Amino acid sequence: MNWVNKKLICGFAIASIMMPSVLNAGGRVIEGRVTKVRDVDTIVVAGTPVRLNGLDGPEVSTRAGKDAALFMRRLVGGKVVTCELNGERTYDRWVGVCFLEGQDIAAIAVSQGHALDCARYSGGRYRKYETPAAKSKIRRARYC
């Protein structure tokens, strides 16, 4: 085997290890460490920004938004999550549902009063987890 072939094989092996995604029917599944939490509805997983599908979180410019972002940092910061991306993008983010130890992290955020369901995108998946306190302090986005 010549040095060019060795270099190509070595490069492919490194890329395979570094690339956290695999294909699935709906898009991609990525698994990796959460390296950044932008706010309650956007996390960065192994370098890939992910917008949590169907989650309506308060803006970080508000007290509720700051609290929600802190909650999400404590929940998933530095931990390994799995995200099922649906193939859609919004701004610089892929859209998907992410799981920590098999639990939907958007459902956790809603059940803990840090976000609301955005039925337009979730199909109502998180509505049953909404708390009365969150409904009174978080203004639902018009697009939801």
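The values are calculated or read from the model by the stated rules, or taken from the named source; none is laboratory data. The structure presented is a predicted model; accordingly, all values stated were derived computationally and were not measured. Counting neighbours? That spans all protein chains shown, and the Cβs are built from the backbone with ideal geometry, glycine included. Quick note on the areas: whole protein, heavy atoms, side chains included, nothing else; ligands and nucleic acids left out. Shrake-Rupley method; radii C 1.70, N 1.55, O 1.52, S 1.80 Å.
Some values worked out for this structure:
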{"read-out": "Condition broken by S111, with the remaining ones in (1) among the polar types (S, T, N, Q); (2) touching an Asp or Glu at 6+ places or on another chain (Cβ under 9 Å); (3) more than 15 Å from G57 (Cβ to Cβ) satisfied", "value": "(3)"}
{"read-out": "Test: residue in the range 47-59 that is surrounded by 19 or more Cβ atoms within 10 Å (Cβ to Cβ), among the polar types (S, T, N, Q) and within 16 Å of Y121 (Cβ to Cβ)", "value": "yes"}
{"read-out": "Pair list, Cβ < 9 Å and 6+ apart or interchain, from the range 119-133 residues that are in a loop (DSSP other than H, G, I, E, B) to residues that are among the acidic types (D, E)", "value": "G124/D117; R125/D104; R125/D117; Y126/D56; Y126/D104; Y126/D117; E130/D117"}
{"read-out": "Members of the range 77-99 that are in contact with a Pro (Cβ under 6 Å, 6 or more places away or on another chain) and either without any contact (Cβ under 8 Å) to a residue 12 or more places away in the chain or surrounded by fewer than 18 Cβ atoms within 10 Å (Cβ to Cβ) (or both)", "value": "D92"}
{"read-out": "Matching entry among R125, R74 (being exposed (fewer than 15 other Cβ atoms within 10 Å of the Cβ), modelled with pLDDT of 95 or more and either within 20 Å of I138 (Cβ to Cβ) or over 12 Å from the mean Cα position of the chain (by Cα) (or both))", "value": "R74"}
{"read-out": "Which listed residue is in contact with an Asp or Glu (Cβ under 7 Å, 6 or more places away or on another chain), open to solvent by less than 40 Å² (accessible area, probe 1.4 Å) and modelled with pLDDT of 95 or more, from D117, D41, D104", "value": "D117"}
{"read-out": "Unique match (being closer than 23 Å to I30 by Cα and in a loop (DSSP other than H, G, I, E, B)) among G96, G78, G113", "value": "G78"}
{"read-out": "Qualifying residue in the range 7-15 (condition: modelled with pLDDT of 95 or more, open to solvent by 40 Å² or more (accessible area, probe 1.4 Å) and more than 17 Å from the chain's Cα centre (by Cα))", "value": "no"}
